[in-house]
Amino acid sequence: MSERPPISPRSPRAALEPEQLPPPPKRSDRARNPFVVAGNAIITLLIVAMVGAGAIYVYGKQKLEAAGPLQQDRIVNIPARSGMSDIADILQREGVIDDNRWAFIGSVFAMKARSDLKPGEYSFSKNASLREVIETIVEGKVVQHAITIPEGLTSEQIVARLQDNSILSGSIQEIPSEGSLLPETYKFPRGTPRKQVIQRMRQAQRRVLAEIWERRSPDLPLKTPAQLVTLASIVEKETGKPNERSRVAAVFINRLQKKMRLQSDPTIIYGLVGGKGTLGRPIKRSEIQQPSPYNTYVVDGLPPGPIANPGRASLEATANPARTRDLYFVADGTGGHTFTETYEQHQKNVSKLRALEKQNQNDTAEPAEEEKPTGAAASDAGAANAKDKDEAPAAKPQQAPSQHRRHRRGARTTQ
């Protein structure tokens with residue numbers, strides 16, 4: 001058995017007194033060093049800061065990626081010279097961001113995008129997040145508005161359309177030369193200067209014309225691209241259906257090759273009203289032979305310039321017309337034309353059209369006008385039907401006319 005230490009007898013009073021613990025060890029001089037104390041405080045602060053920064057990062061990331069309050073797609077316009085705070089107010093007012101505008105401002109700083117915010121008209125999708133909203137503004141993804149210029153308008157008519165377009169800004173001081181603009185659908189952001197639209201249309205026309213001129217038919221009786229534009233503008237105004245362009249062009253090309261006058265009604269109208277484009281009434285018989293540089297019933301060959309701005313399709317059709325011997329075409333009553341090689345067959349087609357027109361007049365209970373054929377010009381029922389009591393019928397032209405358009409001369413002019 002192991003020996004136990006002897007038990008020292010203690011008095012009852014001493015037994016009741018608590019035992020005294022040894023004093024704690026004294027702190028070392030190193031622990032009491034002020035640099036150590038400061039270092040410990042700094043480390044503690046850094047740890048607290050890192051934890052706080054991590055929490056802020058996680059919260060900010062969730063806020064950036066969270067779905068926004070926008071209930072449906074919306075277009076918002078941010079005016080020029082708007083600051084970050086102004087943009088936040090606009091987005092908050094439009095419901096793109098929630099009521100906490102400081103979240104937007106903080107996100108802009110976090111993404112280092114303050115100096116990259118751009119004015120403009122923006123489209124924000126439903127529930128767009130803060131990140132998507134800011135990226136849209138930074139990348140300048142402004143809304144593009146489509147502006148469609150129909151084929152066959154004169155330059156004056158195109159300028160009038162652009163002046164009436166509220167999307168554009170500025171003014172156009174000078175009417176562009178006829179045929180120098182390419183009719184097409186263009187897209188521009190709100191506030192684009194109208195001069196810039198004209199410039200883009202000019203550039204597009206030059207580019208397209210150069211491409212088409214290079215691919216033109218080798219036996220084309222046209223010497224310059226300008227002549228191609230001139231004839232294409234006539235084809236544009238004469239075409240009733242898109243699939244007839246190349247055949248309409250063939251009629252005029254064949255006439256040029258045979259030294260026949262083109263005898264196109266739209267050239268008469270342009271000689272009378274110029275860039276206004278529309279006569280507003282049927283052509284009078286006296287106007288068929290009225291001297292004008294543009295009247296192809298009077299002048300040989302092409303007029304001195306285009307009578308409108310032709311589109312790409314008419315330029316291509318004129319540069320590469322159909323391979324036919326057609327010299328005449330007349331309206332078929334359905335919006336299209338009937339093409340023929342001989343004047344005799346052409347006269348028969350004209351008679352059919354007149355009979356159809358007369359039938360239509362009877363069906364609508366309109367009084368029939370007295371038919372007054374004007375020699376070879378009788379191919380145009382509009383001229384034959386036009387009343388001009390104070391003027392004598394037009395003289396028989398040198399060559400038989402090339403066409404008859406729809407129901408009345410001048411009825412098919414592009415508005």
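Output the qualifying pairs, or none if there are none: Cβ atoms under 6 angstrom, residues six or more apart or on different chains, first residue in segment 157-171 and at pLDDT 95 or above, second residue hydroxyl-bearing (Ser, Thr, Tyr).
Within 6 Å, the pairs are Leu168/Thr192.
Quick one: which of Gly280, Gly275, Gly311 is outside the structural domain of Val159 (by TED's automatic domain parsing) and touching a Gly at 6+ places or on another chain (Cβ under 8 Å)?
Criteria check complete, one pass: Gly311.
Quickly run through segment 315-347 and pick out the residues that are modelled with pLDDT of 95 or more and part of a helix (DSSP H, G or I).
Leu315, Glu316, Ala317, Thr318, Ala319
Quick one: which of Lys195, Lys237 is touching a residue at least 24 places away in the same chain (Cβ under 8 Å) and closer than 30 Å to Arg325 by Cα?
Checking each option against the conditions leaves just Lys237.
Does at least one position in segment 211-227 carry a residue that is polar (S, T, N, Q), in a loop (DSSP other than H, G, I, E, B), on the phi < 0 side of the Ramachandran plot and in contact with a Pro (Cβ under 8 Å, 6 or more places away or on another chain)?
So far as segment 211-227 goes, yes, one or more of its residues are polar (S, T, N, Q), in a loop (DSSP other than H, G, I, E, B), on the phi < 0 side of the Ramachandran plot and in contact with a Pro (Cβ under 8 Å, 6 or more places away or on another chain).
State all residues of segment 148-167 that are surrounded by 13 or more Cβ atoms within 10 Å (Cβ to Cβ) and touching a strand residue (DSSP E or B) at 6+ places or on another chain (Cβ under 7 Å); if no residue qualifies, say none.
Scanning segment 148-167 gives Asn165, Ile167.
Residues that are modelled with pLDDT under 90 and not assigned by TED's automatic domain parsing to the domain that holds Ile167: find the helices (runs of 4 or more DSSP H) completely inside segment 67-140 holding 3 or more of those.
Counting at least 3 such residues, we get 101-110.
Out of segment 290-349, which residues are over 18 Å from Lys237 (Cβ atoms), β-branched (Val, Ile, Thr) and touching a residue at least 24 places away in the same chain (Cβ under 8 Å)?
Thr324
With the structure loaded, tell me whether Glu178 is buried (at least 16 other Cβ atoms within 10 Å of the Cβ), in contact with a helix residue (DSSP H, G or I) (Cβ under 7 Å, 6 or more places away or on another chain), in the same structural domain as Tyr297 (by TED's automatic domain parsing) and closer than 17 Å to Gly305 by Cα or whether it fails that test.
no
Could you pull out the residue among Glu238, Glu211, Glu184 that is closer than 27 Å to Gly336 by Cα and within 23 Å of the chain's Cα centre (by Cα)?
Among Glu238, Glu211, Glu184, only Glu184 is closer than 27 Å to Gly336 by Cα and within 23 Å of the chain's Cα centre (by Cα).
Can you pull out the residues in segment 121-164 that are of a type in the set (S, T, N, Q), touching a Gly at 6+ places or on another chain (Cβ under 7 Å) and closer than 27 Å to Pro183 by Cβ?
Across segment 121-164, the qualifying residues are Thr154, Ser155, Gln157.
Please indicate, with yes or no, whether at least one residue in segment 182-197 is buried (at least 16 other Cβ atoms within 10 Å of the Cβ), touching a strand residue (DSSP E or B) at 6+ places or on another chain (Cβ under 8 Å), among the hydrophobic types (A, V, I, L, M, F, W, C) and not assigned by TED's automatic domain parsing to the domain that holds Thr278.
Yes: segment 182-197 contains one or more residues that are buried (at least 16 other Cβ atoms within 10 Å of the Cβ), touching a strand residue (DSSP E or B) at 6+ places or on another chain (Cβ under 8 Å), among the hydrophobic types (A, V, I, L, M, F, W, C) and not assigned by TED's automatic domain parsing to the domain that holds Thr278.
The values are calculated or read from the model by the stated rules, or taken from the named source; none is laboratory data. Remember, predicted model here, so these are calculated numbers, not experimental data. Neighbour counts are summed over all protein chains in view; Cβ atoms, including those assigned to glycine, are modelled from backbone coordinates with ideal geometry.
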